[in-house]
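Student: I'd like to ask some things about the structure below.
The values are calculated or read from the model by the stated rules, or taken from the named source; none is laboratory data. These figures come from a predicted structure and were not determined experimentally. Cβ sites come from the backbone with ideal geometry, for glycine too, and all protein chains shown count toward neighbours. SASA here: full protein model, heavy atoms, side chains in, ligands and nucleic acids out. Shrake-Rupley method; radii C 1.70, N 1.55, O 1.52, S 1.80 Å.
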Amino acid sequence: MSLAVVGNPNITRRDIPSKVTGQLVFTYDINPATLGLANDQMLYMGMVRCPYPNAIVKKIDTSAAEAAGYVVLTEADFAEYNLMYVGSGQPHAPISNTVLYPGQVVAAVAAPTTDEVEDAISLITVEYDVQPFVLDVQDALAPNAPQLFPAGNLPPGAVNPENGMFTAATLRIAWGDADSAIASADVVVGGLNSPIELNTAVIQQAEMEPWCDVAMWSGSLPTVPGPTTPTSPESTTPSAPMGTGLTVYDTTEAPFLGQATLAGYFNIPLNSVRVIGSGIQGVGASGFAGMTMGNKLGNAEHVIITAMMALKSGAAVKYGPTRNDHLAITSQRFSERAYLTFAATSSGMLTAIKGVVYENSGAWAGANGSDTISDILNMYNVANMDISLIPVNTNTHHYSGAFRNVGESQGHFFLERMADMTAQKLNMDPAQFRLMNLHGATVDTQFDPQSGYRYSGYEGYQAFQAAMNQFGWSSLWKGWGKPSSTNGSVYYGVGFSAHNGQKGLPIPGSNVKITVLSNGGVFINSGRTENGAGSDTAIPIMGAESLGLTSLDNFNPAMYPGAGYLHADTALTTNDSIQGGSTSTRSSGISIVLACEALKEQWAPAIAAALGVPANTTLIFANNTIYPEGNPSNFKTFTEAAALLTPANGFELGSVTGSGSLLFNTPANTTYRVGGGKFVMVAVDVETAEVRVISAVVGMDIGRVIFAKGAESQVQGGFTQGIGEGLFEEFWNDPTTGRNTNYNFHDFRMATQMDAPDSITPVWVEYVDPVGPFGAKGIGENCSMCVSAAIANAVSNALGNYPFTTTPITKADIVTAIQWMKDKGMLPAQP
Amino acid sequence: MESEKAEGSSAGSEQEGNILQTKMSRRTFLKLSAATAAATAAVTTVGGIALKSRGASNAQSTAQTTTDLFAAVPITLTVNGIPYTTTIEPRDMLVNVLRENLSLTGTKRPCDRMECGGCTVLIDGKAVYSCTTLAMRMPGHSIETIEANNITVTDSTLAALQAAWVTYDASQCGYCQPGRLMAATALLKNNTSPTVDQIKAAVAGNLCRCGTYNHVIAAIQAAAASL
């Protein structure tokens, strides 16, 4: 396949000029002037949050705030409405007097300026009955533990009341006979009565634009302005009446889910709610998120609270939380604790995995850790498996919303530390151990062992090998107990992690429209948000390729008035599913290819007539020209062909539009996984305990690179994010008070510019995935998956193979490890 | 069962900066400081000195009085070479005045407490966090924001960096990048051939969650080479 735009390394991100000039107005940037409102038509909202992990509001005094003219919401304002859910968890009111985690909202208050919000909050007094609390998953299952819900701390129905056994609400998957295999194995890491305990920390999405909502109800307010650019004949007519009902500007990856949530909550028709998830006054891009770290799904409490405040106050209301406030509520990745045992033959064949994973689901959310289990099932060929997931409610937040990876980072950390420890016990090169045991090495093993579903396309094994070779593993790895090299007190360690994650599902119901204008401009209408992941560029790339264009110029409204890309507005755009789970490239990609085919079908007869060939002639779209198949010298340029789109030729709008929808027609019994490996070199100073990641090579089973610069940025950014997870990030509740201690960027430490490795090199394994557009898969989430494991293995190697079992590996952990290894005489000597 | 009383979002605890545990926010503190200054002023008749801008020679900043230091006052700021007159509270930080009063929302406010650098602007050519810069102190100073080149290119260093940012894909979600671009502009104005370590140091105060730090280094090197 000869491709002009797909994978072209010179294509730049379409929305980046509007970002580097400050012209793109993100949701958090909205102020009254942005929306054409007078200053007194918008109020700013703040939250009163309970500091205690478990409490009941005894009394709340809002009189002083109300006397000062501020508008206040408490639980009573939500009494007439139904309860809501976060994920699959327990129902609750958006503002509740029953507090189950520190930071839960007990009141909201709105004021005319952002400064006054803080004044208003200080006028509200709350009296609490402070209850005993529990933070730890195993503590929560102990007898006499504080109970969050009447049925206890497990999800509803998790335990059969008749026999006390776990049910399907928890999860246990087994095949073969793991117990016997472990009992008779040559080599066992862990043991039936002594499994290895591994722990991961809670990490925060912590995107740079805080979550934000601006809500307004129709009435005295002026009609909400729509996007100022771009427009096209196909997009200027709203599918729902504007200026009626509820309008919400939202930092969301799922505007249509948000619309449904709000309509359902307020019991109003769906088309009375308009959710706008895109930036305004800019080309394309959106109100935030940090690239596929996502922003949020449609069911977060504060969206409803903001809308309720707008209803009560009669004003437009902006909830633009402070950073501290935001870190109290943003998406997190829950902590997990695993007890695992691996068994293998003396030749290195893995024969059994047995264990249990406790997921800390936090207060209101349900189980989200099934991806951990899925990864444990899919990573290695194992004849005997017995793995359980136990989600436990505790007095912590742990809202598992939009954010790269759900249970995969945790699962990969468990798997890849265990695999290294098993290879060490076998005294075998850990890379050879992976090559011997990785699942999916050949076509006949590319299936999910639990469901039996086939992987759509998969070269994860080849991607692992490619990264291994590019990194130079065989020469850098010097054997167990030996750092790769040393320089004085600086010990260089190498390590890696394989990865195999379920990502890139083509989501049925992804709809895209593409229009060619008579001036040659091209316009895309897709409800997808652009949150930094690059779909604003990747989807036009696939559209351009389908139309035979050799650049993205035709999407540029400065060159072709009316051209562009309209995103994520439930009143104006198609419903293009959600921006998450690495699904965009496959989902919208399939849809836009279908849309282009539909467009060409309508356009072709006019072009054929102009070329003097029969109307049913097959036309080729390539090199900015259109010609009959086999006769490229008889052509019209794309611009000439576009000029045929006139009413005289039957194109009443002066344009032609094709629609494409990914229906439920993807192959049955198919699962979608992306594999590969991440190889890392670290430097550990055994005198100062400083750790620095020096370099990384990331092998990725990508299928086809669509947006080359963006794909490289995904790998770089995802890996850097993983450095934080591996070495710094831990959202921490003080066990003595239950309160959180690090709602800020100083104490919740992410990777900074100083932590960036000298190089992060992607290695693409390209082939044609049978389902993806142009053979592409989606890789965004896999970029951070397993980085923490690779770093842990490399740091372990630098120190002579200290058995790390937790994330993050902090400086304090390094100090402990160095001393432990010294005490045992195992720290490699300084040369 | 323990019974405790907490005011607002706070519980009377001690940790500075934690909204759930601190009674006094930074702005409330400033407001109270101003009140203290006013009370002192009533005795000493010095009046409002504590909050008076260093640029107070600007006649429009003299509207503050000793009796109501929270009263809105007119102020004139020179941003990107253009004088803007607006009305602010004395406690207002520059970032809020830029974003809310002047609608110059290119300057971002990701953390609002000097931890992320997303609010960085140039003041008299020097990179400064605008989230902790009192707007009252800014009359008489030259403020440059990410919007400096949006009408005509007045800062060729910033323009070179903006172009390099596009070529090297140094931004993904983009929310932190205006601040980083301003920090990089300050660097290149003083040093047109920085080393990698100097580049890292110059933008180390700018957090990015998307993590394209290596592309940022490449972009700054390319911009430096083009100047």
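Student: Being under 27 Å from B:R113 (Cα atoms), open to solvent by 40 Å² or more (accessible area, probe 1.4 Å) and touching a residue at least 60 places away in the same chain (Cβ under 8 Å) narrows it down to one residue among A:E725, A:E730, A:E766; which is it? Before the answer, list the steps.
Tutor: On the way: A:E725 fails: open to solvent by 40 Å² or more (accessible area, probe 1.4 Å); A:E766 fails: under 27 Å from B:R113 (Cα atoms).
A:E730 is the lone residue from the list that is under 27 Å from B:R113 (Cα atoms), open to solvent by 40 Å² or more (accessible area, probe 1.4 Å) and touching a residue at least 60 places away in the same chain (Cβ under 8 Å).
Student: Can you name every one of the helices (runs of 4 or more DSSP H) wholly within segment A:388-504 that holds 1 or more residues which are at pLDDT below 95 and acidic (D, E)?
Tutor: Those helices (runs of 4 or more DSSP H) span A:408-425.
Student: Could you grab me the full set of residues in segment B:215-227 that are farther than 19 Å from B:Y175 by Cβ and within 10 Å of chain A (Cβ to nearest Cβ)?
Tutor: Listed by number, the list holds a single entry, B:I217.
Student: Within segment A:565-591, can you find the residues that are open to solvent by 10 Å² or more (accessible area, probe 1.4 Å) and part of a helix (DSSP H, G or I)?
Tutor: Passing the criteria: A:S584, A:T585, A:I590.
Student: Out of all the residues in segment A:412-435, which are buried (at least 24 other Cβ atoms within 10 Å of the Cβ) and out of contact with any strand residue (DSSP E or B) (no Cβ under 8 Å at 6 or more places or on another chain)?
Tutor: Hit for segment A:412-435 is A:A423, nothing else.
Student: I would also like to ask the following. Is segment A:23-35 home to any residue that is surrounded by fewer than 21 Cβ atoms within 10 Å (Cβ to Cβ), more than 8 Å from every other protein chain (Cβ to nearest Cβ) and farther than 25 Å from A:N742 by Cβ?
Tutor: Yes, there is a match, as at least one residue in segment A:23-35 is surrounded by fewer than 21 Cβ atoms within 10 Å (Cβ to Cβ), more than 8 Å from every other protein chain (Cβ to nearest Cβ) and farther than 25 Å from A:N742 by Cβ.
Student: Considering segment A:305-348 alone, what residues qualify as being closer than 30 Å to A:M421 by Cα, among the basic types (K, R) and out of contact with any Lys or Arg (no Cβ under 9 Å at 6 or more places or on another chain)?
Tutor: Selection gives A:R337 alone.
So that you can scan it fast, the table gives a plain yes or no per residue for (1) farther than 29 Å from A:V99 by Cβ; (2) open to solvent by 10 Å² or more (accessible area, probe 1.4 Å); (3) more than 8 Å from chain B (Cβ to nearest Cβ):
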position: A:G710; (1), (2), (3): yes, no, no
position: A:V715; (1), (2), (3): yes, no, yes
position: A:G718; (1), (2), (3): yes, no, no
position: A:N742; (1), (2), (3): no, no, yes
position: A:T752; (1), (2), (3): yes, yes, no
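Student: Of all residues in segment B:126-156, which are surrounded by fewer than 18 Cβ atoms within 10 Å (Cβ to Cβ), under 20 Å from A:T21 (Cβ atoms) and either more than 13 Å from chain A (Cβ to nearest Cβ) or more than 20 Å from the chain's Cα centre (by Cα) (or both)?
Tutor: B:S142, B:I151, B:T152, B:V153, B:T154, B:S156, listed by residue number.
Student: For a quick check of your reading of the model, give me the residue pairs whose first member lies in segment B:95-120 and is free of Cβ contacts under 8 Å to residues at least 60 places away in the same chain and more than 15 Å from B:N206 (Cβ to Cβ), whose second is among the aromatic types (F, W, Y) and buried (at least 23 other Cβ atoms within 10 Å of the Cβ), with beta-carbon atoms closer than 9 Å and at least 6 apart or on different chains.
Tutor: B:T105/A:F26; B:T105/A:Y28
Student: Going through segment A:1-22 one residue at a time, which ones are facing chain B (nearest Cβ under 7 Å), open to solvent by 30 Å² or more (accessible area, probe 1.4 Å) and at pLDDT 95 or above?
Tutor: Passing the criteria: only A:T12.
Student: Next up: Please go through segment B:162-196 and give me each residue that is open to solvent by less than 10 Å² (accessible area, probe 1.4 Å) and assigned to a loop (DSSP other than H, G, I, E, B), ordered by number.
Tutor: Those that are open to solvent by less than 10 Å² (accessible area, probe 1.4 Å) and assigned to a loop (DSSP other than H, G, I, E, B): B:D169, B:A170, B:S171, B:Q172, B:C173, B:G174, B:Y175, B:C176.
Student: Does B:S103 satisfy the condition of being within 9 Å of chain A (Cβ to nearest Cβ) and open to solvent by 10 Å² or more (accessible area, probe 1.4 Å)?
Tutor: Taking the combined requirement at face value, the residue satisfies it.
Student: Let me ask something additional. Can you find a residue that is touching a strand residue (DSSP E or B) at 6+ places or on another chain (Cβ under 8 Å) and either open to solvent by 40 Å² or more (accessible area, probe 1.4 Å) or assigned to a loop (DSSP other than H, G, I, E, B) (or both) anywhere in segment A:820-830? If you could, list the steps in order and put the result at the bottom.
Tutor: Initial filter on segment A:820-830 (touching a strand residue (DSSP E or B) at 6+ places or on another chain (Cβ under 8 Å)): A:828, A:830.
Pick out the ones that are also either open to solvent by 40 Å² or more (accessible area, probe 1.4 Å) or assigned to a loop (DSSP other than H, G, I, E, B) (or both) and you get A:828, A:830.
Yes - at least one qualifying residue is present in segment A:820-830.
Student: Does A:P155 fit the bill of being part of a loop (DSSP other than H, G, I, E, B), within 14 Å of chain B (Cβ to nearest Cβ) and closer than 25 Å to A:R333 by Cβ?
Tutor: Numbers: part of a loop (DSSP other than H, G, I, E, B): yes; within 14 Å of chain B (Cβ to nearest Cβ): no; closer than 25 Å to A:R333 by Cβ: yes.
The answer is no for A:P155.
Student: For the structure I just gave you, tell me whether A:G778 is of a type in the set (G, A, S) and either modelled with pLDDT of 95 or more or more than 30 Å from A:F334 (Cβ to Cβ) (or both).
Tutor: no
Student: For segment B:193-211, enumerate the residues that are over 11 Å from A:M208 (Cα atoms) and among the aliphatic types (A, V, I, L, M).
Tutor: B:V196, B:I199, B:A201, B:A202, B:V203, B:A204
Student: Report yes if some residue within segment A:41-64 is facing chain B (nearest Cβ under 10 Å), free of Cβ contacts under 8 Å to residues at least 60 places away in the same chain and of a type outside the set (D, E, K, R); otherwise report no.
Tutor: Looking through segment A:41-64, none of the residues is facing chain B (nearest Cβ under 10 Å), free of Cβ contacts under 8 Å to residues at least 60 places away in the same chain and of a type outside the set (D, E, K, R).
Student: Take segment A:75-132 and flag every residue that is more than 9 Å from chain B (Cβ to nearest Cβ), out of contact with any His (no Cβ under 7 Å at 6 or more places or on another chain) and free of Cβ contacts under 8 Å to residues at least 24 places away in the same chain.
Tutor: A:A76, A:A79, A:E80, A:P91, A:A93, A:S96, listed by residue number.
Student: Show the residue pairs meeting these rules: Cβ distance below 8 Å; 6+ apart or different chains; first residue within segment B:167-179 and more than 7 Å from every other protein chain (Cβ to nearest Cβ); second residue hydroxyl-bearing (S, T, Y).
Tutor: B:A170/B:T212; B:G179/B:T107; B:G179/B:T120
Student: OK, next. Which of the residues belonging to segment A:478-495 are surrounded by fewer than 18 Cβ atoms within 10 Å (Cβ to Cβ) and closer than 13 Å to A:V691 by Cα?
Tutor: Matches in segment A:478-495: A:S489 only.
Student: Do you know which residues across segment B:192-214 are facing chain A (nearest Cβ under 8 Å) and over 11 Å from A:Q753 (Cβ atoms)?
Tutor: Within segment B:192-214, B:R209, B:C210 qualify.
Student: Here's another thing I want to ask about it. For residues that are aliphatic (A, V, I, L, M) and not in a helix (DSSP H, G or I), scanning just segment B:197-227, find the one that is farthest from A:E207 (Cα to Cα).
Tutor: Checking each candidate, the answer is B:L227.
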